[in-house]
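A quick write-up on the structure given underneath.
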Amino acid sequence: MIASDTIAALATAPGTGGIAIVRVSGPDSERLLKALFTPARDFESHRLYYGHAVYQGQTLDECMAVLMRAPKTYTREDVAEFHLHGGAYAANAVLSALYALGARPAEPGEFTRRAFLNGRIDLSRAEAVMRLISAESGRAARAALRQLSGGADSFIQKAQTDLLSILSGVAAALDYPEEISFEEAAGKMADAALALADTLESACDERGARILENGLEAVLCGRPNVGKSSLLNALARQERAIVTDLPGTTRDVIRADIRLNGLLVHLSDTAGLREDADTVERIGVDRARQTIRGADVVLAVLDASRPLAPEDEALLRDIDGAPRVIVLNKCDLAPVLRPADFENAVAVSAVTGEGMADLEEKIAAFGANAGQSALTQARHMALARQAADALRRAAACAQAGGAIDIAAVELHEALHLLGRITGEEVDEKLLDDIFSNFCVGK
Ligand SMILES: Nc1nc2c(ncn2[C@@H]2O[C@H](COP(=O)(O)OP(=O)(O)OP(=O)(O)O)[C@@H](O)[C@H]2O)c(=O)[nH]1
Ligand SMILES: [Mg+2]
């Protein structure tokens, strides 16, 4: 399907930068390029030329330009690009000229939408492109790249193949009732459908997906003066929080973002937990408790140079069973508490830096599996879960001795839902939802 109109937009991020690329796609690309590029010339496809962008006698910018003839282009249409100086001026001037000459401003994601409609990429890859553009951290980018190379697709294709073979078993049972007993066919179908439902569900990792997209929430907590703020500063490698030897220094929640092995970690330092706090500190302590509840991992800080205080014991009880690291700080002083006495503990000193690398490793371990599963996008996971539900209904129907052709309806439903992940079955509404999340120019 070839679009009839030609679209243009800034393809690079707006703002200052070395170069700004204006991309044009559609049947008019070559005409528009020739109208603006000086010196006039014939363009060999996929070759970069040096010249100027000139419109109505006015030089807009010195530039490099390229014409890429269909079909070996991002959209599979004719594409032209102007590589201009960065900053808003040159790109806007060229875009205005292009619009005056008949190009239409591209909608968000329209280039990628065309790539999809022209069959160059499938839907889950189109979404991967979008995620790559907005990927927050190295790890999220790698997961998006994995999907771009077809991770979710091949997983879904395998599930579709499995499902088709279940369906053909059902069809055989319906066609040859004399040869294949109903019980046998129904039993086989139910087993296979349940196994596939399990596979689909275990491929969904909502928590991992969230950590990948938004980062891991790690919260430093503990009683006053154990060194939480000092640890935040040491992990963030900058003086974010105020450190004093007075207990109750930190009143509000202080945040710092750090990166561990490509994983984005949102660290929070909280008010020291104690009961006899004044009003302001009291509010701080309540906020600390809330922050702890929302954490992916709690970093429970203890002063290794002192025996456990009642507040320490209360904290350890509160976070029992929660994802946590016990941080035995101040190990540079004569330690009374030792890692061996706790589960998943590490001895550190915020002052000397001892043990800090071990602590970072332990924090990163909580995000280690994020993004490893086959499906990490909310839309894919929702569809896969719906497909799994349909499979379970099919199995239940067969096991209850229901008509096998009714179970087959549920299997078809599951197949349809899987098809929507890869975009084999798409409607306009879905396309609009997905592509409108793109940035213009992609
Ligand atoms: N020797 C030693 N002193 C430390 C260490 N970490 C922190 N301290 C000291 O302990 C005191 C308290 O440190 P903070 O980081 O303010 O402690 P906090 O847990 O944030 O305290 P509150 O905000 O009051 O809850 C300061 O005097 C720090 O210099 C450490 O590893 N070794
Ligand atoms: Mg503090």
Inter-site label distance for ALA40 and ASP358 at 7 Å from Cα along Cβ, in nm = 7.6 nm
Hey, what's the per residue convex hull volume over the C-alpha atoms of the stretch 177-241, in cubic angstrom?
-> 125 Å³
Cα-only radius of gyration and Dmax that characterise the stretch 380-422, units Å | 10.5, 33
So who's got an amide H within less than 5 Å of the one on ALA345, skipping anything under 5 residues away but keeping other chains? H placed 1.01 Å off N, in plane.
-> ILE326
Contour minus end-to-end for SER305 and ALA171, with contour as 0.36 nm per residue of separation and end-to-end as the Cα-Cα distance?
-> 41.0 nm
For GLU354, the residues 5 or more places away or on another chain with a placed amide H closer than 5 Å to its own amide H are SER349
Among the helices of the chain (complete DSSP H runs), which have Cα atoms covering no less than 27 Å along the helix axis and a Kyte-Doolittle mean of at least -0.5?
-> 151-175, 182-202, 378-399, 404-422
Points 7 angstrom from Cα along the Cβ direction at LEU333 and VAL253: gap in nanometres?
-> 2.8 nm
Can you give the FRET efficiency for PHE182 and MET64, using 1/(1 + (r/R0)^6), R0 = 60 Å, r = Cβ-Cβ distance, to the nearest 0.05?
-> 0.30
Fewest to most neighbouring Cβ within 10 Å: what's the order for LEU167, LEU84, LEU359, LEU220?
-> LEU167, LEU359, LEU84, LEU220
Please say if the stretch 213-365 is rounded, prolate or oblate, where rounded means a/c under 1.5 for a ≥ b ≥ c the square roots of the C-alpha gyration tensor eigenvalues, and otherwise the choice is prolate for a/b larger than b/c and oblate otherwise?
-> rounded
Show that you can apply the helix-only estimate: for the chain, add -39,500 (n - 2.57) for every DSSP H stretch of four or more residues, divide by all residues, and state [θ] at 222 nm to the nearest 500.
-> -14500 deg cm²/dmol
Evaluate 2.2 N^0.38 Å with N set to the residue count of the stretch 7-122, then give the Cα radius of gyration divided by it.
-> 0.99
Can you pull out the trypsin sites (Lys or Arg not before Pro) in the stretch 64-116 that DSSP calls coil and that have at most 16 other Cβ atoms within 10 Å?
-> ARG69, LYS72
The orientation-averaged projected area of the Cα convex hull of the chain, in nm², is 30.1 nm²
What net charge do the residues around PHE366 carry, taking every other residue with its C-beta under 12 Å from that of PHE366, with Lys and Arg at +1 and Asp and Glu at -1?
-> -1
DSSP-assigned coil residues among GluC sites (Glu not before Pro) in the stretch 14-89, each with at most 12 further Cβ atoms within 10 Å = GLU44
With label points built 7 Å along Cα→Cβ from the Cα atoms of TYR89 and LEU246, find their separation and express it in nm.
-> 5.3 nm
For LEU60, list long-range residues whose amide hydrogen, built 1.01 Å from N in the peptide plane, is under 5 Å from its own amide hydrogen.
-> ALA53, VAL54, TYR55
Neighbouring Cβ atoms within 10 Å as the yardstick, rank SER268, SER96 fewest first.
-> SER96, SER268
Note, ³J(HN,Hα) from phi for the stretch 6-12, Karplus 6.51, -1.76, 1.60, rounded to Hz, x at Gly and Pro = 10, 10, 9, 6, 6, 9, 9
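Throughout, read-outs are computed from the coordinates displayed, never taken from laboratory work. Model, not experiment: these values are computed from the prediction. Note that we place each Cβ from the backbone using ideal geometry, even for glycine, and neighbour counts take in every protein chain shown.
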